[in-house]
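Colleague: Let me begin by handing over the structure; questions about it come next.
The values are calculated or read from the model by the stated rules, or taken from the named source; none is laboratory data. Since the model is a prediction, treat every value here as computed from it, not as a measurement. Ideal geometry is used to build each Cβ from the backbone, glycine not excepted, and the neighbour counts take in all protein chains shown. Areas reflect the complete protein model, heavy atoms only, side chains present, ligands, DNA and RNA absent. Shrake-Rupley method; radii C 1.70, N 1.55, O 1.52, S 1.80 Å.
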Amino acid sequence: MIKFLDLKKINEPYEAAFQDKLKLVLENGWYILGKETEIFENAFSAYCNSEYCIGVGNGFDALVLIFKGYIQLGKLKKGDEVIVPANTFVASILAILEAGLIPVFIEPKLETYNINPDLISEKLTSKTKAILVVHLYGQLAEMTAIKEIANQNNLLVIEDAAQAHGAVLDLTSSGRVQKVGNLSHAAAFSFYPGKNLGALGDGGAVTTNDDKLSKTIQSLRNYGSEAKYQNEYLGVNSRMDELQAAFLNVKLPNLDTENSMRRAIAKRYLAEIKNEKIELPFWDYSENHVFHLFVIRTEHRDHLQDYLSKNGIQTMIHYPISPHKQKAFSDWNHLSFPVTEMIHNEVLSLPISPVITNDEVSFIIEALNKY
Ligand SMILES: *Cc1c(COP(=O)(O)O)cnc(C)c1O
């Protein structure tokens with residue numbers, strides 16, 4: 001069977017280095033927010049070309065702490081509205097709510113699955129204070145257009161970069177290469193094991209160029225305390241685990257290579273899948289996509305998934321129910337977002353990862369073309 005995601009195989013090449021790190025952490029005798037965290041924070045901010053990186057407990061907390069940080073700094077206040085794509089993983093929306101802010105949903109583009117910038121302006125009110133962009137499935141949202149809207153309306157732009165570690169926005173016009181994590185006021189990353197840069201447990205980080213925000217989040221993640229037992233803010237416990245930081249230090253140098261391997265598979269899928277019943281995702285073949293997921297669409301989604309499963313190919317659905325239709329959000333169940341709903345009804349994620357072989361990719365393509 002071709003697994004959708006073989007995490008054991010993904011982590012296998014790093015096993016010896018992980019063992020060394022475990023030994024090192026045991027020798028250091030320091031388990032939370034220590035040397036390895038600091039090394040990781042420096043390495044990851046350098047990787048993203050951002051000034052600061054703050055390691056936290058997970059991706060959700062990274063998002064919440066950005067919002068809470070801006071609330072502490074007076075740039076946001078409870079009840080402010082935050083623009084967010086209607087089709088995203090539920091964590092993006094829960095994070096807005098957790099910080100006491102109000103999500104305002106925007107439809108995506110069917111081709112890229114990312115927020116449609118043309119639809120943002122009509123949803124802006126005097127209470128709109130921020131845009132939370134999500135680089136869904138690993139492809140950058142249309143940052144140039146989004147930032148223009150934000151600049152005109154004095155809005156914060158925050159990235160949910162949980163699926164897009166390493167994606168590059170190539171601004172050749174200005175001669176500068178900019179990367180995810182450095183395309184907005186602040187970005188949230190997750191190192192959940194299945195992400196492109198995955199730990200062996202939970203982990204997350206915020207990147208930003210804002211030194212005040214960085215300092216505030218450093219304090220908020222540790223009970224709002226800078227000096228021990230002195231609490232300046234109403235903080236939380238979301239500290240980075242030393243072991244996870246150590247494992248990430250092992251994997252980070254290989255992230256670009258692993259992302260290129262994902263792109264190579266995506267290129268094959270895009271070139272070789274030929275079936276009228278299947279819609280392929282849009283990609284401009286630049287490095288703006290790191291293919292966390294390769295997501296096709298078909299009206300016959302459940303049938304196709306069943307067919308592939310019978311052929312020994314495991315697929316997943318990201319995601320089967322749109323956030324506004326979730327039971328947890330019963331207040332919004334009456335809302336209508338046709339593009340979002342269509343996406344949730346039709347999407348299917350094919351296996352893609354640095355450890356899938358060319359033969360396996362050929363087998364998947366052949367099965368799809370025969371469907
Ligand atoms: C994974 C993910 C998160 C949350 O990250 P966790 O580490 O699981 O808390 C947030 N947003 C998106 C888009 C994600 O894919």
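Colleague: Would you call Glu122 farther than 20 Å from Gln178 by Cβ, away from the ligand (no atom under 16 Å from the Cβ) and modelled with pLDDT under 95?
Modeller: Taking the combined requirement at face value, the residue does not satisfy it.
Colleague: Just checking, does segment 154-165 include any residue being more than 16 Å from the ligand (Cβ to nearest atom), on the phi > 0 side of the Ramachandran plot and either of a type in the set (A, V, I, L, M) or at pLDDT 95 or above (or both)?
Modeller: yes
Colleague: Answer yes or no: is there a residue in segment 42-64 that is hydroxyl-bearing (Ser, Thr, Tyr), touching a residue at least 24 places away in the same chain (Cβ under 8 Å) and part of a helix (DSSP H, G or I).
Modeller: yes
Colleague: Another one. List the number of the failed condition for His334; all other conditions in (1) surrounded by fewer than 18 Cβ atoms within 10 Å (Cβ to Cβ); (2) touching a residue at least 24 places away in the same chain (Cβ under 8 Å) hold.
Modeller: The failed condition is (2).
Colleague: While we're looking at this one, here's another question. Would segment 330-350 turn up any residue that is within 16 Å of Lys267 (Cβ to Cβ) and either aliphatic (A, V, I, L, M) or more than 22 Å from the chain's Cα centre (by Cα) (or both)?
Modeller: Among the residues of segment 330-350, at least one is within 16 Å of Lys267 (Cβ to Cβ) and either aliphatic (A, V, I, L, M) or more than 22 Å from the chain's Cα centre (by Cα) (or both), which makes the answer yes.
Colleague: Has segment 108-124 got at least one residue that is more than 26 Å from Glu341 (Cα to Cα) and in a loop (DSSP other than H, G, I, E, B)?
Modeller: There is no residue in segment 108-124 that is more than 26 Å from Glu341 (Cα to Cα) and in a loop (DSSP other than H, G, I, E, B).
Colleague: Could you tell me how many of the residues in segment 200-232 are open to solvent by 40 Å² or more (accessible area, probe 1.4 Å), farther than 22 Å from Ser184 by Cβ and touching a residue at least 12 places away in the same chain (Cβ under 8 Å)?
Modeller: Residues meeting the conditions: 5.
Colleague: Can we say Lys21 is surrounded by 15 or more Cβ atoms within 10 Å (Cβ to Cβ), over 23 Å from the mean Cα position of the chain (by Cα) and more than 16 Å from the ligand (Cβ to nearest atom)?
Modeller: yes
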